[in-house]
Amino acid sequence: MKTFYIETFGCQMNVHDSEKVIGTLITEGYTQVEQPEAADLILYNTCSIRDKAEQKVFNRLQQFNKEHGKGKVFGVLGCVAQQEGEKIFDRAPHVSLVAGSASYTKLPQMLVQLESGNRRVTGLNLDTEETFETPFASRDNPHRAYITIIEGCDKSCAYCVVPFTRGPERSRTSQAVMAEARELARMGYTEIQLLGQNVNSYRDPSPVAWDFARLLRAMGEIDGIRRVRFTTSHPRDFVKDIIDAIDENPVLCNHVHLPVQSGSDSVLNRMQRLYTRDEYMRRIEWMKKARRNISITTDIIVGFPGETEADFQATLSLLDSVEYDSLFSFKYSKRPNTTALSLPDQVDEDEKGRRLAILQEKQRSIQIHHNSALVGTIEEAMVEGYNQATAQWIGRTSQNRTLNFTHALIPSPGHGDTLAGKYLNVRVTRAGPNSLAGEAVL
Ligand code: 5AD
Ligand code: SF4
């Protein structure tokens, strides 16, 4: 049993966890294959943030088992594993491994147990101070690399499973994080994305005790690193020093994702978000007053229990006040263990759908307006690849906008010419709600 297949659901933390899991499996003598049919060990790294995400995992397990599952070993990793625990063995008896992210340091031992025929292997202990340190993470993208700086979450937002699935906050030492970043720069990576459920509460456990802004400044000074991004931020722990650091150094990308969830104080209070709309707006003002043009994005939940029409209107008015560059919006979904489960006045599904559509339509017009203002400007794009269908290079700006463009001298990849990984100036010629298009400046 030495080949494995892994499929990943969910957020960037999960994507990067998988990169580390793959690195660990390869170190243990396994080979990754691209098709589950060809694998001895099939792993699903799962997400349980909303009910739909969780259902996907069980559908995948049933579907594959029926068709091609004979003789294979199945493992469920990640947030559904942690949340459902050994119940997964009842629901999907062909599963042999159930492990949450706080147990990945024990993967080598768990693999030994699987190899010796144990068909009920678990890693479900959340009570840990360890972070998942791997000598090797298998990174797919040759230019952009994720680095975890903090695992877990100590907040208790009323709707959220993460504190139950990823355990308490644990920060890595700044020395380990910096060493990883320098090594990545040496290998040719130019963009680093710092990851954590709440990067703002990063606190170096070693005596130097760096906070997040200090770490960010140090990252911006590494030779060879041209862009540093971070996600995700909690408004409560978001301090002005972070904006000052971004203002000081163009290597730190001018984009902040600051999830607000709702524009209504009473909803924010019941969500246990620990800030008011005014306190949130103060952070937005810091960004609007910054020297650099900082792009602001957010997450919003509609239909949280007890959300009235007036509460929803408050969220719409917040969209007008902030003018986000982009947002992710979700219908509230009931999650096990969370305090919101027992709140009265659940909003019905149709009403959630109606609110979501109104919110998205409003945001779409804000984005059209914002993006059209960029026509005629010159933006630096990091080239991510090439789109055959549109015959355009795919680029991304520091503000994290997609900027697709043509290049008069290198119209397409071929003959050893590729622009992937390069940083080019592009003149913006067209704008849509979700992306920009332009021509490379020669
Ligand atoms: N229902 C709907 N959306 C949720 N999110 C987190 N939990 C839930 C839930 N129970 C959203 C939040 C968060 C994003 C990652 O997912 O907006 O910021
Ligand atoms: Fe999904 Fe949240 Fe877990 Fe990420 S941390 S995989 S978004 S449940």
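The values are calculated or read from the model by the stated rules, or taken from the named source; none is laboratory data. On a predicted model such as this, the values are computed, not experimentally measured, just so you know. Neighbour counts run over all protein chains shown; Cβ positions are idealised from the backbone, glycine included.
Which residues, taken from region 217-237, are in a helix (DSSP H, G or I) and under 20 Å from TYR423 (Cβ atoms)? Please lay out each step first, then the result.
From region 217-237, those in a helix (DSSP H, G or I) are 217-219, 235-237; that's our starting set.
Residue satisfying the conditions is MET219 alone.
Residue-by-condition table, conditions (1) in contact with a Ser or Thr (Cβ under 6 Å, 6 or more places away or on another chain); (2) assigned to a loop (DSSP other than H, G, I, E, B); (3) at pLDDT below 95:
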| residue | (1), (2), (3) |
| --- | --- |
| ASN14 | yes, no, no |
| SER18 | yes, no, no |
| GLY29 | no, yes, no |
| ILE42 | no, no, no |
| GLU54 | yes, no, yes |
| ASN59 | no, no, yes |
| PHE64 | no, no, yes |
| ILE88 | no, no, no |
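For residues that are away from ligand 1 (no atom under 16 Å from the Cβ) and free of Cβ contacts under 8 Å to residues at least 24 places away in the same chain, scanning just region 41-70, find the one that is surrounded by the fewest Cβ atoms within 10 Å (Cβ to Cβ).
Among those residues, the one meeting the criterion is LYS70.
Inspect region 316-330 for any residue being of a type in the set (Gly, Ala, Ser), over 25 Å from VAL267 (Cβ atoms) and more than 14 Å from ligand 1 (Cβ to nearest atom) and give the result as yes or no. Outline the logic, then answer.
First, the residues of region 316-330 that are of a type in the set (Gly, Ala, Ser): 317, 321, 326, 329.
With the extra rule that they be over 25 Å from VAL267 (Cβ atoms), the set shrinks to none.
Scanning region 316-330, I find no residue that is of a type in the set (Gly, Ala, Ser), over 25 Å from VAL267 (Cβ atoms) and more than 14 Å from ligand 1 (Cβ to nearest atom), so the answer is no.
Please enumerate the residues belonging to region 157-204 that are within 16 Å of ligand 1 (Cβ to nearest atom), in contact with a helix residue (DSSP H, G or I) (Cβ under 7 Å, 6 or more places away or on another chain) and part of a helix (DSSP H, G or I).
Passing the criteria: PHE164, THR165, ARG166, VAL199, ASN200, SER201.
Name the single residue that is surrounded by the fewest Cβ atoms within 10 Å (Cβ to Cβ) among those in region 1-28 being of a type in the set (A, V, I, L, M, F, W, C) and within 16 Å of ligand 1 (Cβ to nearest atom). Spell out the reasoning first.
Taking region 1-28 first, the residues of a type in the set (A, V, I, L, M, F, W, C) are 1, 4, 6, 9, 11, 13, 15, 21-22, 25-26.
Narrowing the set further to residues that are within 16 Å of ligand 1 (Cβ to nearest atom) leaves 9, 11, 13, 15.
Working: PHE9: 21, CYS11: 19, MET13: 23, VAL15: 15.
Within region 1-28, the match that is surrounded by the fewest Cβ atoms within 10 Å (Cβ to Cβ) is VAL15.
Where the second residue is loosely packed, with under 15 Cβ neighbours inside 10 Å and the first is modelled with pLDDT of 95 or more and lies in region 240-252, which pairs have Cβ atoms under 6 Å and are six or more apart or on separate chains?
Filtered contacts from region 240-252: ASP247/ARG291.
May I ask you to say which residue of THR232, THR276 is more than 16 Å from ligand 1 (Cβ to nearest atom) and either closer than 30 Å to ALA340 by Cβ or charged (D, E, K, R) (or both)? Step through it out loud before you land on a result.
Working: THR232 fails: more than 16 Å from ligand 1 (Cβ to nearest atom).
THR276 is the lone residue from the list that is more than 16 Å from ligand 1 (Cβ to nearest atom) and either closer than 30 Å to ALA340 by Cβ or charged (D, E, K, R) (or both).
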